[in-house]
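Asks: I am attaching a structure below and will ask some questions about it afterwards.
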Amino acid sequence: MRNVDAAGLGIGDDHPPRIMGVLNVSTESPYDPSVYDDPGEAAAYVDEELIGEGADIVDVGLESANKDLDVLSAEQELARLDTAVETLESTSGDAVWSIETRYHEVADEALSRGFDMVNDVCGFADPEMPRVCREHDAAVSKMASPPDLERPGAIEEVEEIYEALSMNGFTDKTILDPAFGGWSEAKTHADDRETFRRLREFRGYGRPLLVSINRKSFLKTIAGRTTAEALPVSLAATSMAVERGAHVIRTHDVAETRDAALVGAAFARDRFRSDSGRETGDVAVEELDVTTVREAERHLDRLGADRDAAGDAVVRTYELDGLSEPMVGALRAATAGPEGVGGASFALAETAEMAVGESPAADGGAPGAGLLVCTPAGLSALRTAVSGVSVDLDAALEGVGAGFE
C-alpha cells in the first residue's frame with residue numbers, strides 16, 4: 001500500500017486515520033453548520049470546530065454537491081476562491097488545506113495561493129487535473145465519477161466504481177474515494193450499502209482510501225433517523241470503514257468522528273509489513289487485506305498476475321452438522337492424505353455420546369458434526385469429489401460457495 005505525503009501529513013497504512021473537516025463557502029450548501037460567506041466567521045469556525053476538535057485536513061467546498069442545482073463554471077468557482085483564501089490566511093490552527101473542485105484552473109489557483117491538496121469530485125474528468133497536481137507536488141483525492149464534469153459521483157453500477165477510479169490515471173499522491181451518496185437519481189441506498197460492504201476491494205489499486213459517509217442517507221435509512229439524528233449511525237460506520245481499510249474520513253462532526261476512527265483503528269487486524277527490503281536488498285513483505293476472491297483479483301490485476309491464483313487466496317472455516325455416516329466418509333476420503341483435494345480439509349468432531357473410534361450416525365447413531373476449512377478452489381474440487389453422495393450435502397456445499405463472494 002502506497003503512503004501519501006500531503007504537505008507533511010502522512011496518509012496510508014503506516015499512519016493513523018486522518019480526519020477531514022468540511023467548510024463550505026457556498027451559501028446553497030445544505031448543511032448549515034458548515035456554511036460561511038464571511039472569512040472571519042469561517043476562520044473562527046475552522047479554528048474552533050474543525051482544527052480545534054482534531055481535524056487534520058480542512059476541505060473547502062466552493063459549491064454545493066446537490067444534484068438538483070446547476071453546476072458552477074470554473075470562472076464562478078474562481079470568483080468564490082477569494083473567500084476561501086482569506087479564510088485560510090485568517091486561521092491560526094495547523095492543518096492541511098484542501099480545495100474541493102472539478103476544474104484544473106481552480107486547483108492551480110488555489111494551490112498557488114496557499115492550499116496544499118485537491119479534492120477532485122469529478123475524478124480527473126478534467127484531464128489536466130493530474131498535471132496540475134504533479135506540478136504543485138500536491139496530494140489529490142480522486143472521487144469515482146463518470147468522465148463528465150457535470151456528473152460527479154454519478155456511477156450507477158457498483159461494478160463500475162472500481163474502473164471509474166482509474167480514469168485518466170493516477171499521480172504519485174492520489175487518494176481514492178469510491179463516492180457515497182445520492183449523486184444521481186439512479187444510485188440507490190442499496191448501491192451505497194453494497195459499496196460499503198466491498199470497501200476493501202477499492203484497496204486493490206494500492207492507494208489510500210477516503211470515505212465521505214457522514215450522515216449519509218444510506219446509513220440514516222438503516223436506523224430510521226433524520227439528518228439531525230444520524231450522528232450515531234455515522235460513527236458506527238466510521239469505525240467499520242477504518243477497520244476495513246479507510247485512511248481519511250471526511251466529516252462535519254470532527255471530534256466524534258475522530259474518536260470513532262481511533263476505535264476502528266485500534267481493533268483493526270494487524271497486517272504484517274516489512275519494508276526492510278527497500279533499503280537492504282532483502283525481500284520486502286506486505287500482507288494484503290483480502291477477505292474475498294474479488295478483492296484478491298483486484299490485487300492480482302494491479303500486479304499483472306494470473307487471476308487464477310485468487311481461488312486460493314481466501315480461506316473460510318465452516319461447521320457442518322447433521323452429517324450422516326456416508327457424508328462423513330465421503331468428506332474424509334476426499335480430503336485425506338496426499339491424494340486428497342488441495343485447499344480443503346475436514347476434521348470430525350468428537351462428542352460425549354461417541355465411543356473412541358466410533359463414527360457418527362453409525363448403527364443408527366446421532367448425526368455427526370465437523371469443521372470444513374477450504375479455499376474457493378478447494379471447495380470446488382471437494383464438491384466434485386463428493387457429488388452425488390447426498391442431496392443434502394450437495395446443497396450445503398453449494399451454500400458454502402456463496403460465502404466467498
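Asks: Looking only at the range 1-35, filter to residues that are at pLDDT below 85 and part of a loop (DSSP other than H, G, I, E, B); which one of those is surrounded by the most Cβ atoms within 10 Å (Cβ to Cβ)?
Replies: So, considering only residues that are at pLDDT below 85 and part of a loop (DSSP other than H, G, I, E, B), the one surrounded by the most Cβ atoms within 10 Å (Cβ to Cβ) is SER26.
Asks: Across the range 54-85, what is the total count of residues that are outside any loop (DSSP other than H, G, I, E, B), crowded, with 16+ Cβ neighbours inside 10 Å and either more than 24 Å from the chain's Cα centre (by Cα) or basic (Lys, Arg) (or both)?
Replies: Of the residues in that region, 8 qualify.
Asks: Quickly run through the range 330-345 and pick out the residues that are over 40 Å from the mean Cα position of the chain (by Cα) and open to solvent by less than 40 Å² (accessible area, probe 1.4 Å).
Replies: ALA330
Asks: Residue check, PRO208 against (1) at pLDDT 95 or above; (2) farther than 22 Å from GLU49 by Cβ; (3) open to solvent by 30 Å² or more (accessible area, probe 1.4 Å), all met but one. Which one?
Replies: Result: PRO208 fails condition (3) only.
Asks: Could you list, in sequence order, all residues of the range 221-256 that are among the acidic types (Asp, Glu) and exposed (fewer than 15 other Cβ atoms within 10 Å of the Cβ)?
Replies: If the condition is that a residue be among the acidic types (Asp, Glu) and exposed (fewer than 15 other Cβ atoms within 10 Å of the Cβ), then GLU229 is the only one that fits.
Asks: So is GLU297 touching a Lys or Arg at 6+ places or on another chain (Cβ under 9 Å) and either modelled with pLDDT under 90 or open to solvent by less than 80 Å² (accessible area, probe 1.4 Å) (or both) or not?
Replies: yes
Asks: For the condition over 17 Å from the mean Cα position of the chain (by Cα) and modelled with pLDDT under 90, what is the one hit in SER276, SER217?
Replies: SER276
Asks: Here is a follow-up. I'd like to verify a number: residues in the range 1-13 that are out of contact with any Lys or Arg (no Cβ under 8 Å at 6 or more places or on another chain) and more than 21 Å from ALA260 (Cβ to Cβ), how many?
Replies: Counting residues in the range 1-13 that are out of contact with any Lys or Arg (no Cβ under 8 Å at 6 or more places or on another chain) and more than 21 Å from ALA260 (Cβ to Cβ) gives 3.
Asks: Suppose the filter is among the hydrophobic types (A, V, I, L, M, F, W, C), within 30 Å of PRO130 (Cβ to Cβ) and under 14 Å from the mean Cα position of the chain (by Cα); does PHE170 pass it? Spell out the reasoning first.
Replies: Values: among the hydrophobic types (A, V, I, L, M, F, W, C): yes; within 30 Å of PRO130 (Cβ to Cβ): yes; under 14 Å from the mean Cα position of the chain (by Cα): no.
No: the conditions fail for PHE170.
Asks: Working only within the range 211-220, note down all residues that are among the small types (Gly, Ala, Ser) and surrounded by 23 or more Cβ atoms within 10 Å (Cβ to Cβ).
Replies: SER212
Asks: A follow-up question, please. Quick check: anything in the range 267-289 of a type in the set (Val, Ile, Thr) and surrounded by 15 or more Cβ atoms within 10 Å (Cβ to Cβ)?
Replies: Restricting attention to the range 267-289, the residues satisfying the condition of being of a type in the set (Val, Ile, Thr) are 280, 283, 285.
Narrowing further to those that are surrounded by 15 or more Cβ atoms within 10 Å (Cβ to Cβ): none.
For the range 267-289, residues of a type in the set (Val, Ile, Thr) and surrounded by 15 or more Cβ atoms within 10 Å (Cβ to Cβ): absent.
Asks: Evaluate the following for ASP38: is it of a type outside the set (Ser, Thr, Tyr), over 20 Å from ALA138 (Cβ atoms), modelled with pLDDT under 85 and over 20 Å from the mean Cα position of the chain (by Cα)? Step through it out loud before you land on a result.
Replies: On the way: of a type outside the set (Ser, Thr, Tyr): yes; over 20 Å from ALA138 (Cβ atoms): yes; modelled with pLDDT under 85: no; over 20 Å from the mean Cα position of the chain (by Cα): yes.
Judged against the criteria, ASP38 is not a match.
The values are calculated or read from the model by the stated rules, or taken from the named source; none is laboratory data. Computed from a prediction, not measured in an experiment: that's the story for all the values here. Every residue, glycine among them, receives a Cβ derived from its backbone with ideal geometry; neighbour counts consider all protein chains shown. These area figures cover heavy atoms from the full protein model, side chains too; ligands, DNA and RNA do not enter into them. Shrake-Rupley method; radii C 1.70, N 1.55, O 1.52, S 1.80 Å.
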